[in-house]
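*Asks:* One structure, as structure tokens, below. Some questions next.
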Amino acid sequence: MALDIRQLEYNEISEELAKINAPKFRAKQIYEWLWQKSARSFDEMSNLPKEFREQLKAQFDFCTVIESISQTSKDGTVKIGMQLKDNRLIEGVMIPDQNRATACVSSQVGCSLSCTFCATGFLKRERNLEVGEIYDQVILLNKYAKLNNGKGLTNIVYMGMGEPLLNYDNVMRSIKMITSPEGLHMAQKRITVSTSGISRGIIRLADENMNFNLALSLHAATDQKRDEIMDINRSNNLDSLVEALNYFYSKTGNKVTFEYILFDNFNDSIKDAEDLIVLYQRVPAFINIIEYNNVEGVTLKKAKADKRDAFVNHLRKRGITVAVRRSRGKDIDAACGQLANKNDAGITAKV
Ligand code: SAH
Ligand code: SF4
């Protein structure tokens, strides 16, 4: 298979074009078409001579994702199913808010980690997404943000299917394309990468000199409890995560956001809140309390409202700022952890 043009950075495109003796300025034109004007085929690059476009077609692959289905929730959330070049399917979500439109993008087909509460975790990881495939989700979701909200995307979260830090290179490249002045030129601070906690990946991120936000899917504040629901904790325990996150903070000055789903009778007691406070005191962090979207076949359930309120109040009494996140797009299974290519959504996946 030929090189996919959208896997290449600017200097790599220049190098490849030199091999076919194309003038230097063509690299800049192509790069702008790819990342600024969001072209999705060589034929759209109208200021390139036709013969040159044919030459490019022969030299490079240009893989795009195809929108296969879209659904809009009562609350305005849009979920799109996208078909990849090998017919596999992924999902991305656009979540509108008063002043925002957030794209939630996938980084892998399925996920190799099997967190017990997550619908994506039931799918096996089939492959990593390529840079263009991540970028295309942003382009397609941006279209809906413009259509339904009047303006484009304001934020991007890597919280769809898959573990972004296990597709490290492509995720980083996609962020570079989204933020670069030659690309979409979105501010880095408007991007959030969410990880289940891969210490080595967090350390690598810290060394990138980038300024986007990092969220850790914590969900339990002791190793004993976290081991029970997130297998990854056995090889990346809380001590190793604390160390990696402190390094991340020392390099970037950015606090991590602890994502904490409240599960009924599992991690929602005052003792659990105390454990969370102990951890919070070890790392500069924000806390987001997340409402769980019940998933069929999972014994863990969403916490009761009174337990949630008591938990949150306990943290607040200690002077901790806590954001409580309600779920969006529930009626179309677009909420976090429900991105599992359900058959009833008209989308199927090889499980
Ligand atoms: N793999 C990454 C990013 C994708 S998951 C990670 O785990 O962080 C995005 C977020 O959705 C994570 O915080 C995850 O724990 C959360 N999540 C998974 N299933 C959920 C569910 N059913 N309800 C609410 N949040 C869920
Ligand atoms: Fe994978 Fe994240 Fe789901 Fe865990 S929560 S199975 S890491 S997508």
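The values are calculated or read from the model by the stated rules, or taken from the named source; none is laboratory data. Predicted model, so just to flag it, every value in this text is computed and none were measured. So basically every Cβ, Gly included, is an ideal-geometry build from the backbone, and we count neighbours across all protein chains shown. SASA here: full protein model, heavy atoms, side chains in, ligands and nucleic acids out. Shrake-Rupley method; radii C 1.70, N 1.55, O 1.52, S 1.80 Å.
*Asks:* Looking at segment 85-108, which of its residues are within 16 Å of ligand 1 (Cβ to nearest atom) and under 14 Å from ASP136 (Cβ atoms)?
*Replies:* The first filter runs over segment 85-108 and keeps only residues within 16 Å of ligand 1 (Cβ to nearest atom), leaving 90-95, 102-108.
ILE90, GLU91, GLY92, MET94, ALA103, VAL105, SER106, SER107 - these are the residues of segment 85-108 that are within 16 Å of ligand 1 (Cβ to nearest atom) and under 14 Å from ASP136 (Cβ atoms).
*Asks:* Among the numbered conditions (1) at pLDDT 95 or above; (2) within 13 Å of ligand 1 (Cβ to nearest atom), tell me where ASN237 comes up short.
*Replies:* Just one mismatch for ASN237, condition (2).
*Asks:* Against the conditions (1) within 18 Å of the chain's Cα centre (by Cα); (2) at pLDDT below 90; (3) more than 16 Å from ligand 1 (Cβ to nearest atom), where does MET82 fall short? Just the number, please.
*Replies:* Tallying (1) within 18 Å of the chain's Cα centre (by Cα); (2) at pLDDT below 90; (3) more than 16 Å from ligand 1 (Cβ to nearest atom), MET82 fails exactly one: (2).
*Asks:* Would you please name the residue that is surrounded by the fewest Cβ atoms within 10 Å (Cβ to Cβ), looking only at residues in segment 131-179 that are touching a Pro at 6+ places or on another chain (Cβ under 8 Å) and within 12 Å of ILE95 (Cα to Cα)?
*Replies:* Filtering segment 131-179 for residues touching a Pro at 6+ places or on another chain (Cβ under 8 Å) gives 145, 148-149, 158, 171.
Keeping just the survivors that are within 12 Å of ILE95 (Cα to Cα) gives 145, 148-149.
On the way: ALA145: 24, ASN148: 14, ASN149: 19.
Restricting to residues being touching a Pro at 6+ places or on another chain (Cβ under 8 Å) and within 12 Å of ILE95 (Cα to Cα), the top hit is ASN148.
*Asks:* Would segment 232-255 turn up any residue that is in the same structural domain as PHE286 (by TED's automatic domain parsing), farther than 23 Å from VAL193 by Cα and open to solvent by 80 Å² or more (accessible area, probe 1.4 Å)? Full working, then the answer.
*Replies:* Our first condition is that a residue be in the same structural domain as PHE286 (by TED's automatic domain parsing); within segment 232-255, this holds for 232-255.
Checking the rest, the ones that are also farther than 23 Å from VAL193 by Cα come to none.
No, segment 232-255 contains no residue that is in the same structural domain as PHE286 (by TED's automatic domain parsing), farther than 23 Å from VAL193 by Cα and open to solvent by 80 Å² or more (accessible area, probe 1.4 Å).
*Asks:* Quick one: which residue in ASN167, ASN155, ASN142, ASN149 is within 11 Å of ligand 1 (Cβ to nearest atom) and among the polar types (S, T, N, Q)? Break it down stepwise before answering.
*Replies:* Working: ASN155 fails: within 11 Å of ligand 1 (Cβ to nearest atom); ASN142 fails: within 11 Å of ligand 1 (Cβ to nearest atom); ASN149 fails: within 11 Å of ligand 1 (Cβ to nearest atom).
None of the other options fit; the residue is ASN167.
*Asks:* Same structure again: If you scan segment 250-288, which residues turn out to be over 19 Å from GLU228 (Cβ atoms) and within 16 Å of ligand 2 (Cβ to nearest atom)? Can you show your working first?
*Replies:* So the first thing to find is which residues in segment 250-288 are over 19 Å from GLU228 (Cβ atoms), and the list is 250-257, 270, 277, 280-288.
Result: VAL256, THR257, ASN288.
*Asks:* For residues in segment 266-294 being in a loop (DSSP other than H, G, I, E, B) and out of contact with any helix residue (DSSP H, G or I) (no Cβ under 8 Å at 6 or more places or on another chain), which is farthest from LYS251 (Cα to Cα)?
*Replies:* Narrowing segment 266-294 to residues in a loop (DSSP other than H, G, I, E, B): 266-269, 281-284, 292-294.
Add one more test, that the residue is out of contact with any helix residue (DSSP H, G or I) (no Cβ under 8 Å at 6 or more places or on another chain), and what stays is 281, 292, 294.
Numbers: GLN281: 19, TYR292: 32, ASN294: 37 Å.
Here the answer is ASN294.
*Asks:* Now, a different point. Are any of the residues in segment 63-77 under 30 Å from TRP33 (Cβ atoms), touching a Cys at 6+ places or on another chain (Cβ under 9 Å) and buried (at least 23 other Cβ atoms within 10 Å of the Cβ)? Quick ask: steps written out before the conclusion?
*Replies:* Within segment 63-77, the subset under 30 Å from TRP33 (Cβ atoms) is 63-70.
Still in the running and touching a Cys at 6+ places or on another chain (Cβ under 9 Å): none.
The answer is no; no qualifying residue exists.
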